[in-house]
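Please treat every number below as a calculation from the coordinates, not as lab data. Nothing here was measured: the structure is a model prediction, and the numbers come from that model. With ideal geometry, Cβ positions are generated from the backbone for all residues, glycine too; neighbour counts draw on all protein chains shown.
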Amino acid sequence: MAYKPILIEVIDRIWVGDEEAVPIAERRGYSILAACKDGSPDCHRAVLGYTTLAAPHDANYFFYRSDKKHMALNLIDVDDPDLIPREPVDAGLRFMKERYDAGDKILSHCLAGHTRGPLMALLFLRAIGEMPERFLRAEHKFKTLYPPYDPGKGFRSRAREWWNELPDFFKE
């Protein structure tokens, strides 16, 4: 049986998926947020071309924007929330808002489509007022919109920690 890419619209113009959805989204002209360090050709390591375990500590350390419609975040899916910094998440949220305000459809993806891509979309929905509920209720609601959501405990813990700050994120 052939693998079917995960590509689900959670609200108008906000799509979530896995790495297999990227070619489909590119053909359709979506803006793409790659919330992954490794694996896919559009993930952080691949687009920057580094071969070391850690990314070079330069201006592209937390994220890299190759053009106006593509951004790759240096995010790993680990159990330790201390290994998930705020900087790439904030950059990803700003990218999504910019492209959303421009009228683009946006794909937020990671490799398997379970943790980082979906959580970036969930955090974005919170930041734009689409998820006013408390975290657990919003997470339950999001799971009905995006059934593959199955977050790792590190990024989920961080998302829950940042949840109450997000409604003011774009009011700076």
If packing is taken as the average count of other Cβ atoms within 10 Å, what order do 143-156, 100-113 fall into, highest mean first?
100-113, 143-156
Restricting to lysines 8 or more places apart or on different chains, can you count the pairs in the chain with Cα atoms under 14 Å from each other?
6
Selection from Met71, Tyr100, Leu33 lying farthest towards where the dipole of the range 19-172 points positive, charges on Cβ
Tyr100
Which chymotrypsin sites (Phe, Trp or Tyr not before Pro) in the range 1-77 pass both tests, a DSSP loop state and at most 11 other beta-carbon atoms within 10 Å?
Tyr3
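Please sort by residue number the trypsin sites (Lys or Arg not before Pro) in the range 1-97 whose DSSP state is loop and whose Cβ has at most 15 other Cβ atoms within 10 Å.
On the way: sites: Arg13, Arg27, Arg28, Lys37, Arg45, Arg65, Lys68, Lys69, Arg86, Arg94, Lys97; in loops: Arg13, Arg28, Lys37, Lys68, Lys69.
Answer by residue number: Arg13, Arg28, Lys68.
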Taking the Cα centre of the chain as origin and charging only Cβ (+1 Lys, Arg; -1 Asp, Glu), how large is the dipole, in debye to the nearest 20?
340
With a/c under 1.5 counting as rounded, go ahead and sort the chain into rounded, prolate or oblate using the C-alpha gyration tensor (a ≥ b ≥ c being the square roots of the eigenvalues; past the cut-off, prolate if a/b is larger than b/c, else oblate).
rounded
